[in-house]
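Data first, discussion second: the structure below is written as structure tokens.
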Amino acid sequence: MTRWGILATGQIAGRFAEDLRLVPGAELVAVGSRTPETARRFAERHGARRAYGSWAELAADDEVDAIYVATPHAAHHEAAMTCLAAGRAVLVEKPFTLDLATSTELVEAARARDVFLMEAMWMRTNPLVLRLVQLVADGAIGQVTSVQADFGVAGPFPPEHRMRARALGGGALLDLGVYPVSLAHLLLGVPRHVRSWARLGPEGVDENTGIVLGYDSGAVATLSCGMVGATPLVAAITGTAGRIEIPAPFFRPPSATLHRAGVDPETIPADLTGGGYQYEAAEVQRCLAEGLRESPLVPHSASLEVMALLDTVRGQIGVRYP
């Protein structure tokens, strides 16, 4: 049995708590928030036995094996560090932190304390996404020549909303763009060239961003994210011998379609339950059971390489956090 704690009580924390019910051997035992009342309400709603009015109290609970950090991303570093210092395994919501430097600090802290740490990039634990990656690796579409993906939402968001608040790491890139960038990284690795453009809002965060990644193989990735219009949320992986189309939402796809010359398109269904967050929780539990300190599906190196890409894009588009 893996005894879970959840740090923060927002929408994503609630979704994770619901999906945790689907994971064999998982038990939600405690929740921590900045206020006791908020923690108590969340605990009652989701069946946690204990509620704490501070992160430190949750981290100090010796009956908690692993903690899911679900705060807004500006607080990921502080929250995860609090949990690591207490020796708890940590699953921290994406993006890891606001930048590569603080993400590196998390990884170094986990390694120094010999504690498990994983970024909650749930797309990388999704069974259908993993199957598609294996198809590509097996040469089902030949050599990959391009990856296309978008993630845009309509909004509008008021100035005080976390998506627009620079102090909270607002903007489309870290909240939404991390998905297209992570998909490209999953399939093609680290690019040789990065080119990006964005329209910034009055708060100084990106409202609409385009990214082109170029690789030594000749492949390109064309990616976009935004919070000023709802985009299709689809992706396509094109190769020299075919392509894979991934419908919305590509980060939790209901199916995929494999196209190859001279062959009827093949629909690959997803046999998914719940919201999709259970797969990352199950991966944490598998790693803990095997004594691993990082996940082979979401390794520290991948999280740091993606964060380095996001840093590069932010530098090019002029988004800087306080």
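The values are calculated or read from the model by the stated rules, or taken from the named source; none is laboratory data. The shown structure was predicted, so the numbers you read here are calculated from the model rather than taken from an experiment. Heads up, the Cβs are rebuilt from the backbone with ideal geometry, glycines too, and the neighbour counts pull from every protein chain shown. Accessible surface is based on the protein model in full, side chains and every heavy atom, while ligands, DNA and RNA are left aside. Shrake-Rupley method; radii C 1.70, N 1.55, O 1.52, S 1.80 Å.
Shape annotation for the chain: C-alpha extents along the principal axes are 58, 45, 36 Å, from largest to smallest.
Under unit Cβ charges (Lys, Arg +1; Asp, Glu -1), what dipole magnitude, rounded to 20 debye, does the chain have relative to its Cα centre?
Numbers: 28 positive and 35 negative charges, 80 e Å.
So the dipole magnitude of the chain works out to roughly 380 debye.
Against the compact-protein benchmark of 2.2 N^0.38 Å, the Cα-based radius of gyration of the range 155-280 scales to 1.21.
The distance linking the range 150-168 with the range 27-68 is 28 Å (Cα centroid to Cα centroid, whole angstrom).
Express the carbon and sulfur contribution to the solvent-accessible surface of the range 1-136 as a percent, rounded to the nearest whole number, probe 1.4 angstrom. Here carbon and sulfur together make up 50 percent of the probe-accessible area.
Relative contact order, percent, of the chain when contacts are C-alpha pairs under 8 Å separated by at least 6 residues?
On the way: 710 pairs, mean separation 58.2, N = 322.
In percent, rounded to a whole number, it is 18.
Exposed loop sites were defined as GluC sites (Glu not before Pro) in DSSP loop states (anything but H, G, I, E or B) carrying at most 13 other C-beta atoms within 10 Å; in the chain the longest segment without such a site runs 161-289. Here's the picture: charge each Lys and Arg Cβ at +1 and each Asp and Glu Cβ at -1 in the chain, and of 60, 301, 98 the one pushed furthest to the positive end of that dipole is 98. Each 5 Å bin from zero holds the following percent of Cα-Cα pairs in the range 53-208: 2, 8, 15, 17, 16, 16, 13, 9, 4, 1, 0.
Dividing the summed helix terms, -39500 (n - 2.57) for each DSSP H run of n ≥ 4, by the number of residues in the chain produces a 222 nm estimate of -9500 deg cm²/dmol to the nearest 500. Treating each Cα of the range 149-209 as an identical point scatterer and summing with the Debye formula, the log10 of I(q)/I(0) at q = 0.14, 0.19, 0.29 Å⁻¹ comes to -0.43, -0.73, -1.26.
Accessible area per residue of the range 164-239 at 1.4 Å probe, in Å²?
Values: 2750 Å² over 76 residues.
Dividing the accessible area of the range 164-239 by its residue count gives 36 Å².
D for the range 1-142, whole µm²/s, Stokes-Einstein with Kirkwood Rh over alpha-carbon pairs at 37 °C and 0.692 mPa s: what number?
Here the translational diffusion coefficient equals 209 µm²/s.
Its residue count N fixes a reference of 2.2 N^0.38 Å for the range 85-150, and the Cα radius of gyration divided by that reference is 1.49.
Report, for the chain, the % of DSSP beta bridges that are antiparallel, rounded to 5. Write down the numbers at each step before the final one.
On the way: 33 of 61 bridges.
Of those bridges, close to 55 percent are antiparallel.
With the dipole of the chain worked out from charges on the C-beta (+1 for Lys and Arg, -1 for Asp and Glu) around the Cα centre, which of 268, 322, 118 lies farthest toward the positive end? With unit charges placed on the Cβ atoms, the residue in question is 322.
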